[in-house]
Amino acid sequence: MADVVRSAGSYNLDTSRAMVNVEDARKAYIQNREAAQQTWFDMRRRNDAYRAEKRGPAPTSEQIFRINAQRAPSRLNDDQIDPVTGELHWPLLLTSAVYQPYRKVIDKGFEERSQKGSISNYDQQQDLVKAVDGLYDTLKKRIRDYEPQQYVDAKKFMDALSYDVRFPSS
């Protein structure tokens, strides 16, 4: 009987020690996860600080305005459009018959803009924008049909035309 009581006491003692060991292991696991998480955030903060240092100061609103103005495409120049009549001087590539429907709408719109000093209404401007965009899309679809320099010249003209069409007059 004494052995049974001793065994029960030994069982309770061993179970208690095991529970203490389990809790110690759980505590160590939580501390390790917390340390790993803290390390990760510390590394991230250091990385962000390093990148901010390398990036330099943020540009001012004046600098951003200047940069955006430089990036904006140029408007059509006097070699590309007659400022008096509004007649466009198309690059040779864009005189192809495939572009004729677009050129007709665009020529008419620029001629009217030149005569009246501006585009009459929003719908006319949108028709002009759609024609320019359609011509540009057709040009891009046929890129493989043209020599690189011809395409570049036409694209530069289209960039200027696409930008210029959004202004009331030249």
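The values are calculated or read from the model by the stated rules, or taken from the named source; none is laboratory data. Please read all numbers here as calculations on a predicted model, not as lab measurements. Note that we place each Cβ from the backbone using ideal geometry, even for glycine, and neighbour counts take in every protein chain shown.
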Query raised in the report: Is there any pair with a first residue in the range 118-140 that is outside the structural domain of Lys108 (by TED's automatic domain parsing) and a second that is assigned to a helix (DSSP H, G or I) whose Cβ atoms are under 7 Å apart and which are 6 or more apart or on different chains, and what are they?
Result: none
Query raised in the report: Would you say Ala160 is part of a helix (DSSP H, G or I), surrounded by 13 or more Cβ atoms within 10 Å (Cβ to Cβ) and more than 24 Å from the chain's Cα centre (by Cα)?
Result: no
Requested in this report: Test Leu93 against the stated conditions and say whether it is assigned to a helix (DSSP H, G or I) and touching a residue at least 60 places away in the same chain (Cβ under 8 Å).
Outcome: yes
Requested in this report: Return the pairs, sorted by first residue and then second, in which the second residue is assigned to a helix (DSSP H, G or I) and not β-branched (Val, Ile, Thr), the first residue lies in the range 34-53 and is touching a residue at least 60 places away in the same chain (Cβ under 8 Å), the beta carbons are less than 6 Å apart, and the residues are 6+ apart or on different chains.
Outcome: none
Report task. Considering only residues that are hydroxyl-bearing (Ser, Thr, Tyr) and not in a helix (DSSP H, G or I), look in the range 112-150 and name the one that is nearest to the chain's Cα centre (by Cα). Result -> Tyr146
Report summary line: Asp79 vs (1) assigned by TED's automatic domain parsing to the domain that holds Ile143; (2) outside any helix (DSSP H, G or I); (3) among the acidic types (Asp, Glu): all pass except (1)
Report task. Just need a number here: residues in the range 101-137 that are within 14 Å of Trp90 (Cβ to Cβ) and either among the β-branched types (Val, Ile, Thr) or in contact with a strand residue (DSSP E or B) (Cβ under 7 Å, 6 or more places away or on another chain) (or both). Result -> 5
Report summary line: All-but-one check, Asp153 against (1) out of contact with any helix residue (DSSP H, G or I) (no Cβ under 9 Å at 6 or more places or on another chain); (2) in a helix (DSSP H, G or I), failing number (1)
